[in-house]
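Participant: Just dropping this structure here.
The values are calculated or read from the model by the stated rules, or taken from the named source; none is laboratory data. Keep in mind that what you see is a predicted model, and the values were worked out from it rather than measured. Cβ coordinates were reconstructed from backbone atoms using ideal geometry, including for glycine residues, and neighbour counts include every protein chain displayed. Each accessible area value is taken on the protein alone, full model and side chains, heavy atoms only, with ligands, DNA and RNA left out. Shrake-Rupley method; radii C 1.70, N 1.55, O 1.52, S 1.80 Å.
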Number of protein chains: 2
Amino acid sequence: MLIGELAQKTNLSRHTIRFYEKLGLIQVPEKSRRKNNYKEYPEETLSRITAIKEITARGFTLKEARGIITLINDGTLDPQRAKKYLVKKLKLVQKQMDDLARTKNNLLIMIDQCDTGVCDVTRLVREK
Amino acid sequence: MLIGELAQKTNLSRHTIRFYEKLGLIQVPEKSRRKNNYKEYPEETLSRITAIKEITARGFTLKEARGIITLINDGTLDPQRAKKYLVKKLKLVQKQMDDLARTKNNLLIMIDQCDTGVCDVTRLVREK
DNA sequence: CACAACCCTAGAGTATACTCTACACTCGTT
DNA sequence: AACGAGTGTAGAGTATACTCTAGGGTTGTG
């Protein structure tokens with residue numbers, strides 16, 4: 001499979017695919033090149049990209065995705081280790097959620113103040 | 001007030017303060033320099049930075065903060081306009097919260113699977 | 001054989017918010 | 001006068017995830 005087909009099937013741009021290669025998320029064995037130097041992507045790449053997408057959709061970064069995939073392929077990712085990793089991530093996500101909740105509250109208050117005529121943001125800057 | 005004092009009072013690094021200057025979030029009139037070329041920051045800068053901090057703490061970016069401050073100083077920021085702006089931001093925040101909630105659920109499921117022995121992340125990559 | 005549509009690499013650009021480095025001048029103290 | 005600490009500018013580096021450009025070769029169709 002050439003990069004164009006892969007891009008179309010994965011709904012990623014060629015640029016993104018090459019970018020993933022640079023990051024080491026995808027590997028193409030140097031041998032699997034056509035005579036014209038075009039890269040021949042194995043079927044695996046498709047499921048690899050699916051995995052990357054599913055992992056990142058779960059809130060992991062690309063680097064983390066690479067780490068996870070490597071661990072799994074090495075067979076080093078036992079449930080206990082995985083759990084530790086996931087719990088750590090969960091805490092981060094929870095923190096982000098808390099931050100956003102605070103932000104949302106602030107926004108709601110400010111929006112309300114816009115109606116009652118006391119705009120908080122305005123006050124912030126006007127007061128010297 | 002020199003930059004060192006300002007940095008100490010605002011709890012920002014000198015670098016950050018200069019960075020804010022570059023972004024136009026803070027202005028120092030060219031006249032208010034000491035003979036030795038040191039910048040003399042007016043008291044206002046302190047409240048300006050406080051405003052920036054409070055605005056960004058509410059989930060706005062630095063650019064947005066600059067925009068808000070400019071609008072307010074221009075007196076152009078009437079409640080209706082402000083409300084529109086805030087509601088738009090609220091929607092973005094809500095979207096981020098929804099995304100994070102989904103991520104959190106996925107994490108919880110995966111963590112649970114670690115205990116029951118069916119690790120989802122593992123499955124993702126193992127299946128070809 | 002021209003031309004579009006594909007492929008290759010290397011590297012720059014975008015966005016956000018810093019963070020740090022290099023190099024040079026200035027201030028206060030010893 | 002030497003020293004550390006403070007200040008100035010300009011510009012590079014960090015992190016994340018792309019996105020695009022330049023410059024070049026290849027393939028297939030009319």
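Participant: Going by what's in this entry, would B:E21 be described as among the acidic types (D, E), more than 10 Å from every other protein chain (Cβ to nearest Cβ), within 16 Å of DNA strand D (Cβ to nearest atom) and touching a Leu at 6+ places or on another chain (Cβ under 8 Å)? First the steps, then the outcome.
Facilitator: Details: among the acidic types (D, E): yes; more than 10 Å from every other protein chain (Cβ to nearest Cβ): yes; within 16 Å of DNA strand D (Cβ to nearest atom): yes; touching a Leu at 6+ places or on another chain (Cβ under 8 Å): no.
Criteria not met by B:E21.
Participant: Is there a residue in the stretch B:63-86 that is farther than 21 Å from A:T116 by Cβ, modelled with pLDDT of 85 or more and within 16 Å of DNA strand D (Cβ to nearest atom)?
Facilitator: Within the stretch B:63-86 (the criterion being farther than 21 Å from A:T116 by Cβ, modelled with pLDDT of 85 or more and within 16 Å of DNA strand D (Cβ to nearest atom)), the answer is yes, since at least one residue qualifies.
Participant: Here's something else I'd like to know. Between residues in the stretch A:76-98 that are at the interface with chain B (Cβ under 10 Å from one of its Cβ atoms) and residues that are of a type in the set (G, A, S), which pairs lie under 8 Å by C-beta distance while being six or more apart or on different chains?
Facilitator: A:P79/B:G117; A:K89/A:G59; A:V93/A:G59; A:M97/B:A101
Participant: Still on this structure: Out of the residues in the stretch B:2-24 meeting the condition of being at pLDDT 95 or above and of a type in the set (A, V, I, L, M), tell me which one is farthest from B:G67 (Cα to Cα).
Facilitator: Per the stated criteria, the residue is B:L2.
Participant: Take the residues in the stretch A:57-70 that are part of a helix (DSSP H, G or I) and facing chain B (nearest Cβ under 9 Å); name whichever of them is nearest to the chain's Cα centre (by Cα). Explain how you work it out, then say what you get.
Facilitator: Applying the first criterion (part of a helix (DSSP H, G or I)) to the stretch A:57-70 yields A:57, A:62-70.
Filter again for facing chain B (nearest Cβ under 9 Å), leaving A:57, A:68-69.
Details: A:A57: 6, A:I68: 13, A:I69: 14 Å.
The qualifying residue nearest to the chain's Cα centre (by Cα) is A:A57.
Participant: Across the stretch B:56-84, what is the total count of residues that are β-branched (V, I, T) and surrounded by fewer than 13 Cβ atoms within 10 Å (Cβ to Cβ)? Let's see the steps before the verdict.
Facilitator: First, pick out the residues of the stretch B:56-84 that are β-branched (V, I, T): B:56, B:61, B:68-70, B:72, B:76.
Cutting the leftovers down to surrounded by fewer than 13 Cβ atoms within 10 Å (Cβ to Cβ) gives us B:61, B:76.
Residues in the stretch B:56-84 being β-branched (V, I, T) and surrounded by fewer than 13 Cβ atoms within 10 Å (Cβ to Cβ): 2 in total.
Participant: How many residues are assigned to a helix (DSSP H, G or I) and open to solvent by 30 Å² or more (accessible area, probe 1.4 Å) if we restrict to the stretch A:26-46? Before you say what the answer is, go through the steps one by one.
Facilitator: Of the residues in the stretch A:26-46, the ones assigned to a helix (DSSP H, G or I) are A:43-46.
Remaining after also requiring open to solvent by 30 Å² or more (accessible area, probe 1.4 Å): A:43-44, A:46.
The number of residues fulfilling the criteria is 3.
Participant: Please identify the pairs in which a residue from the stretch B:13-25 that is within 9 Å of DNA strand C (Cβ to nearest atom) has its Cβ atom under 8 Å from the Cβ atom of a residue that is open to solvent by 50 Å² or more (accessible area, probe 1.4 Å), counting only partners at least 6 apart or on another chain.
Facilitator: B:L23/B:K63; B:L23/B:R66
Participant: Going by the structure shown, is B:V87 open to solvent by less than 60 Å² (accessible area, probe 1.4 Å) and part of a loop (DSSP other than H, G, I, E, B)?
Facilitator: On the way: open to solvent by less than 60 Å² (accessible area, probe 1.4 Å): yes; part of a loop (DSSP other than H, G, I, E, B): no.
No.
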